[in-house]
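The values are calculated or read from the model by the stated rules, or taken from the named source; none is laboratory data. Keep in mind that what you see is a predicted model, and the values were worked out from it rather than measured. In this analysis, Cβ positions are derived from the backbone assuming ideal geometry, glycine residues included, and neighbour counts consider all displayed protein chains.
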Amino acid sequence: MSAHGSVGAEVAAVGAHGEQRPHPSVGQYVRVAIILGVVTAGEVGLYYLQAIPDGMLIALLVFFSAIKFSLVALWFMHLRFDSRLLRRLFVTGIILAGSVYAIVLATFLLR
Amino acid sequence: METGIGAHEVVAAEHPPTSTGMSNTKVAMWTFLASECLLFGALISTYLLYRGRVVSGPKPGDVYDIPFTSVSSFVLLMSSLTMVLAVHAIAEGDQAKCRTWLVATALLGMTFISGQVYEFTTFVHEGLALTTNVFSTAFFVLTGFHGAHVTVGIIMLLSLFGLSLDGKIPQSRAETVEMVGLYWHFVDVVWIVIFTLVYLIPSPGGSA
């Protein structure tokens with residue numbers, strides 16, 4: 001059933017809508033994990049920095065969170081290497097959820 | 001098989017033809033995960049809406065233990081590494097290594113859940129129960145739903161481990177491990193968002 005089973009670990013499934021790109025190596029996965037750990041440490045460090053204004057703190061924390069989210073989705077979930085269709089499916093879900101709930105929050109918080 | 005025959009031909013021979021050219025299981029899993037974004041989006045929005053409207057009982061900043069939750073978050077992040085290593089191992093046909101990483105992932109998941117149980121227990125002792133105020137209800141429902149997802153993931157990981165011991169997860173069924181991996185990573189990315197929005201970003205009341 002799996003593409004991996006037959007063509008080796010380094011080859012992702014190939015589809016009419018997809019591109020075939022090699023999956024990362026163990027070393028690359030470990031490097032991504034180290035970056036995730038460092039960014040998390042940075043986030044927690046920012047939390048304890050009293051000197052940063054709330055607006056900037058929120059912007060930085062959201063930025064770091066987005067980096068971590070993207071790293072896991074693109075590298076560990078292989079969205080960077082698998083078909084574009086899968087990427088579009090997931091991004092559609094995120095955009096739909098983000099826009100719907102941004103409107104909800106704006107409606108209730110700004111009135 | 002890797003020489004002379006292109007990847008496309010090999011996959012085409014193994015997969016029944018689908019309209020997307022990809023495994024239906026994979027497309028279904030990604031569609032499911034996209035729909036889960038809406039579920040967790042609703043829960044996170046509800047929390048953001050209500051956390052600053054506490055009229056009685058503890059506020060977010062009164063109860064959160066950021067160092068403890070940071071360690072829990074780190075544990076869950078590292079479980080994503082062990083999970084992807086399990087997927088990598090089975091793709092290479094190394095079932096023993098795959099089992100090792102599956103167990104490691106399950107143990108890290110259990111550590112995270114244990115931390116959550118400890119956190120919930122501490123909050124209740126500090127006077128913050130499910131129905132104490134709107135903040136507590138939103139908090140417990142959001143993190144409880146996430147914890148339930150992690151628990152389901154642990155059950156799937158242990159099931160995979162058991163199946164693998166029985167020899168039912170050969171290299172040809174690597175996609176099964178990959179699907180569980182996708183679910184596990186999704187649970188991780190949801191926690192990345194929860195950790196930032198719920199724990200780290202200060203609440204409007206100024207206490208978190």
### Query
Out of all the residues in the stretch A:1-36, which are modelled with pLDDT of 95 or more and either buried (at least 16 other Cβ atoms within 10 Å of the Cβ) or among the charged types (D, E, K, R) (or both)?
A:Tyr29, A:Arg31, A:Val32, A:Ala33, A:Leu36
### Message
Looking only at the stretch A:73-111, count every residue that is aromatic (Phe, Trp, Tyr), at the interface with chain B (Cβ under 7 Å from one of its Cβ atoms) and surrounded by 15 or more Cβ atoms within 10 Å (Cβ to Cβ) and tell me the total.
### Response
3
### Task
Could you tell me whether A:Ser70 is more than 7 Å from chain B (Cβ to nearest Cβ) and within 11 Å of the chain's Cα centre (by Cα)?
yes
### Query
If we scan the stretch A:27-39, do we find a residue that is of a type in the set (Phe, Trp, Tyr) and more than 8 Å from chain B (Cβ to nearest Cβ)?
no
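Here is a yes/no grid of residues against (1) more than 8 Å from chain A (Cβ to nearest Cβ); (2) modelled with pLDDT under 95; (3) surrounded by 16 or more Cβ atoms within 10 Å (Cβ to Cβ):
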position	(1), (2), (3)
B:Gly153	yes, no, yes
B:Arg173	no, yes, yes
B:Glu178	no, no, yes
B:Val187	yes, no, yes
B:Trp191	yes, no, yes
B:Phe195	no, no, yes
B:Ile201	no, yes, yes
B:Ser207	yes, yes, yes
### Task
Could you list all residues from the stretch A:33-89 that are touching a Phe, Trp or Tyr at 6+ places or on another chain (Cβ under 8 Å) and assigned to a loop (DSSP other than H, G, I, E, B)?
A:Met77, A:Leu79
### Message
Can you tell me which condition A:Gly55 does not meet? The list is (1) modelled with pLDDT of 95 or more; (2) surrounded by fewer than 16 Cβ atoms within 10 Å (Cβ to Cβ), and all the others hold.
### Response
(1)
### Summary
(1) outside any helix (DSSP H, G or I); (2) closer than 17 Å to B:Ile192 by Cα all hold for B:Phe145 apart from (1)
### Task
Just need a number here: residues in the stretch B:62-98 that are of a type outside the set (Asp, Glu), outside any helix (DSSP H, G or I) and either without any contact (Cβ under 8 Å) to a residue 40 or more places away in the chain or facing another protein chain (nearest Cβ under 8 Å) (or both).
1
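Could we say that B:Leu163 is within 30 Å of B:Glu92 (Cβ to Cβ), of a type outside the set (Val, Ile, Thr), free of Cβ contacts under 8 Å to residues at least 24 places away in the same chain and more than 9 Å from chain A (Cβ to nearest Cβ) here? Even if it seems obvious, please write down each step before you answer.
Numbers: within 30 Å of B:Glu92 (Cβ to Cβ): yes; of a type outside the set (Val, Ile, Thr): yes; free of Cβ contacts under 8 Å to residues at least 24 places away in the same chain: yes; more than 9 Å from chain A (Cβ to nearest Cβ): yes.
Considered against the rule, which asks whether it is within 30 Å of B:Glu92 (Cβ to Cβ), of a type outside the set (Val, Ile, Thr), free of Cβ contacts under 8 Å to residues at least 24 places away in the same chain and more than 9 Å from chain A (Cβ to nearest Cβ), B:Leu163 comes out as yes.
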